[in-house]
Amino acid sequence: MASLTLDRLGKTYPGGFTAVHGISLDVPDGAFCVLVGPSGCGKSTVLRMIAGLETVSAGDIRIGARVVNQVEPAARDIAMVFQNYALYPHMRVYDNMAYGLRNRGTPKAEIETRVREAGRMLGLDALLDRYPRQLSGGQRQRVAMGRAIVRKPQVFLFDEPLSNLDAKLRVQMRVEIRRLQRQLGVTTVYVTHDQVEAMTMADVLVVMNGGRIEQVGTPLDIYRRPASRYVATFIGAPPMNILPAEVAEGGVQVGGRWLPADTGGLAPGATVEAGLRPEALHVAPDGIPFRVAFVEELGATRLLHGRLGEADLVVQVPAGTAPAEGDTIGLAPEPGAIHLFDAGSGQRLG
Ligand code: ATP
């Protein structure tokens, strides 16, 4: 087993476009690290550099103490699972899983033991003689994982492995991948653009933006204390509400009300942005007046949509909470629930 370190890692593609701007990251031995961000933020480029499928333009990649920048992909002791599974259609499940080991000259008996063991772990025992076309999407995904597991690598890399599955299977597979990774204890880097997947799977969550790391932390740390408006609105569903606000003594003015907040030493009168999570707002008779324009029923909760001043606002309330469309209610935020961001840079204040 080994840790993985990125040290000021950069990538400029031929043609001059810089997709990754000198990022540094430590993934401890055995940790599950998720790189999350919108399309084009550079997460696949980072993963492909770690795999050795893309050259490094600046900085270093280390697995344990070894710098692997110049090491051939096959010699890096890494196994990668792709979005499209990349199975060989003309090979049975058993041979798909055995392929990498055969290439490395692993003895036949050892291959048999490892493939059968991985087959058991993944519930593929009965499918080893099938061809990929005879499998469901979820089963193919498992075979792709089996192929990674049998190699017993030091690092697993996953590139959006669940995006071709339907919503229900995605939820099931993310639990399965997590359980398997814990059992095996292999250091993992997992790329996704899905913030729910990122939140639920990560030990170490890395939010990327424009080829840079915007924030690193545990999912809960990032949810509770987002470093910027970008992170605040990307992590958490439904996304955090962002409202224009003005610094006042010991707090801010939002929607015509004073609310206590840590203003990071800014002088009263300064314009800022106040972030309020939909789930941190409660119905309170003497709260900020809010007209409910539209209600979304989600079963366990309800989303109340409307506007506060010039800004859109969403409030998440438990099922059975009364307001109907057209009602005006009062809203009160939970104590300490206001996040303040610089109106220009979007960086967190306080
Ligand atoms: P997605 O989720 O869409 O795959 P991503 O966050 O993984 O997005 P990358 O695929 O890493 O993003 O791409 C990052 C940036 O680098 C994008 O702007 C992309 O257009 C650019 N890029 C990727 N590959 C190349 C290439 N071979 N040559 C030039 N630019 C590239």
Checklist outcome for this item: Footprinting proxy, 152, 11, 43: sorted fewest to most Cβ within 10 Å, the residues are 152, 11, 43
Checklist entry - residue 224 versus residue 136, label points 7 Å from Cα toward the beta carbon: distance in nm? => result 3.9
Item to check | Dipole magnitude of the chain, debye to nearest 20 (Cβ charges: Lys/Arg +1, Asp/Glu -1, about Cα centre) | outcome: 1680
Checklist entry - If you rank 54, 249 by fewest surrounding Cβ atoms within 10 Å, what's the result? => result 249, 54
Checklist entry - Relative to the Cα centre, what is the charge dipole magnitude of the range 239-349, using +1 at the beta carbon of each Lys and Arg, -1 at the beta carbon of each Asp and Glu, and rounding to the nearest 20 debye? => result 40
Next on the checklist: Given axes a ≥ b ≥ c from the Cα gyration tensor, I'd like to know whether the range 199-306 is rounded (a/c under 1.5), prolate (a/b larger than b/c) or oblate.
Outcome noted: oblate
Next on the checklist: Among DSSP bridges having both ends in the chain, what percentage is antiparallel? Round to the nearest 5.
Outcome noted: 75
Next on the checklist: Within the chain, how many Lys pairs that are eight or more residues apart, or on different chains, come under 27 Å at the alpha-carbon?
Outcome noted: 4
Next on the checklist: Taking θ = phi - 60°, what integer Hz values does the Karplus form 6.51 cos²θ - 1.76 cosθ + 1.60 yield along the range 240-254, in sequence order, with x for Gly and Pro?
Outcome noted: 4, 6, 10, 10, x, 8, 10, 5, 10, 3, x, x, 9, 9, 10
Checklist entry - Over the chain, what is the mean sequence separation of C-alpha contacts under 8 Å (at least six apart), divided by residue count, expressed as relative contact order in percent? => result 16
Item to check | Sorted by Cβ neighbour density within 10 Å, fewest at the top, the residues 135, 124, 276, 303 | outcome: 303, 135, 124, 276
Next on the checklist: Projecting each Cα onto the charge dipole of the chain (Lys/Arg +1, Asp/Glu -1 at the beta carbon, about the Cα centre), which of 157, 223, 330 comes out farthest on the positive side?
Outcome noted: 157
Item to check | Linear extension gain, residue 126 paired with residue 319, 0.36 nm per residue minus alpha-carbon span | outcome: 65.1 nm
Next on the checklist: As a test of the formula, what do you get for the chain when each DSSP H run with n ≥ 4 contributes -39,500 (n - 2.57) and the sum is divided by the residue count, at 222 nm and rounded to the nearest 500 deg cm²/dmol?
Outcome noted: -7500 deg cm²/dmol
Next on the checklist: For Cα pairs less than 8 Å apart in space and 6+ apart in sequence, what is the mean separation divided by the residue count of the range 21-84, i.e. the relative contact order in percent?
Outcome noted: 23
Checklist outcome for this item: Sorting 233, 91, 208 by the position of each Cα along the dipole of the range 4-233 (Lys, Arg +1; Asp, Glu -1; all at Cβ), the one nearest the positive end of that ordering is 91
Checklist outcome for this item: Expected unfolding gain across residue 169-residue 112 under the 0.36 nm per residue rule, minus the alpha-carbon gap, is 17.6 nm
Checklist outcome for this item: Net charge (Lys, Arg +1; Asp, Glu -1) of residues whose beta-carbon lies under 15 Å from that of residue 267, residue 267 excluded, is -4
Checklist outcome for this item: Extend 7 Å from the Cα of residue 284 along its Cα-to-C-beta direction; within the range 233-267, residues with backbone N under 11 Å of that point are 258-260
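Readers should treat all values here as calculations from the given coordinates under stated rules, not as data from a laboratory. Everything numeric here is computed off the predicted structure, so don't read it as measured data. Here the Cβ is made from the backbone with ideal geometry for all residues, glycine too, and neighbour counts use every protein chain on show.
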